[in-house]
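Here the structure is laid out as structure tokens; the discussion comes afterwards.
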Amino acid sequence: MKQIECFTDGACRGNPGPGGWGVVMLVDGEKRTYFGGERQTTNNQMELQAAIEALKQLSSPHKVSITTDSQYVRKGITEWIIGWQRNGWRNSQNKPVKNQDRWQVLLALVAKHQVEWYWVKGHSGHPENELADQLANQGIDEGIGL
């Protein structure tokens, strides 16, 4: 099973507003990049979409490390989601979980792979995180034709 490293980021201009996602993927020493955007979205939705898009690139099961600067994504998929599922997709305040549709897509994709999640502080000079951020902003500018 091949090891894949992914670095993901989401961006939004206004929250909600136009948003983008970016992915840097390292496969066998090769750097691959992906980006896209949506006209009306939120920062958290784009952070989730970046992780979704990273995993969508993989056609067969892999060992995957995903590094994100979003605690929302990392804690959501590794900690909170267990309670959300147990509670019928309701959060600790008994309100519907925001972005449930994207969480469910991410959960289904994660189930196909062996995924480890890592967090890095955003805008701290981490090269792949900085590139993922640039790609997310490119997703806003080019991905949605603004």
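No value in this document is a laboratory result; all are computed from the given coordinates. Given the structure is predicted, the values throughout are model-derived calculations rather than measurements. When we count neighbours, we look across all protein chains shown, and the Cβ atoms used for this are built from the backbone with ideal geometry, even at glycine.
Please compute one quarter of the surface area of the Cα convex hull for segment 21-146 and express it in square nanometres.
8.2 nm²
Using +1 on the beta carbon of Lys and Arg, -1 on that of Asp and Glu, and nothing else charged, what's the dipole of the chain about the Cα centre, debye to 20?
660 debye
Between the DSSP loop rule and a limit of at most 16 other Cβ atoms within 10 Å, which chymotrypsin sites (Phe, Trp or Tyr not before Pro) in segment 58-146 are left?
Those satisfying the criteria are Trp89.
Quick one: longest stretch of the chain between exposed loop trypsin sites (Lys or Arg not before Pro), exposed meaning at most 16 other C-beta atoms within 10 Å and loop per DSSP?
For trypsin sites (Lys or Arg not before Pro) (loop position, at most 16 other Cβ atoms within 10 Å), the longest site-free span of the chain is 14-97.
Based solely on its DSSP helices, what 222 nm [θ] is calculated for the chain when runs of n ≥ 4 H residues each add -39,500 (n - 2.57) and the sum is averaged over all residues, nearest 500 deg cm²/dmol? Intermediate values should be presented prior to the final figure.
On the way: 5 runs with 48 residues, N = 146.
Calculated mean residue ellipticity at 222 nm is -9500 deg cm²/dmol.
Taking Cα centroids, how far is segment 1-37 from segment 101-140 in Å?
6 Å
As I understand it, the dipole of the chain uses +1 on the Cβ of Lys and Arg and -1 on the Cβ of Asp and Glu, about the Cα centre. Which of His123, Gln49, Gln3 lies farthest toward its positive end?
Gln49
Put a dot 7 Å past each Cα toward the Cβ at Ser60 and Glu142; how far apart are the dots in nm?
3.0 nm
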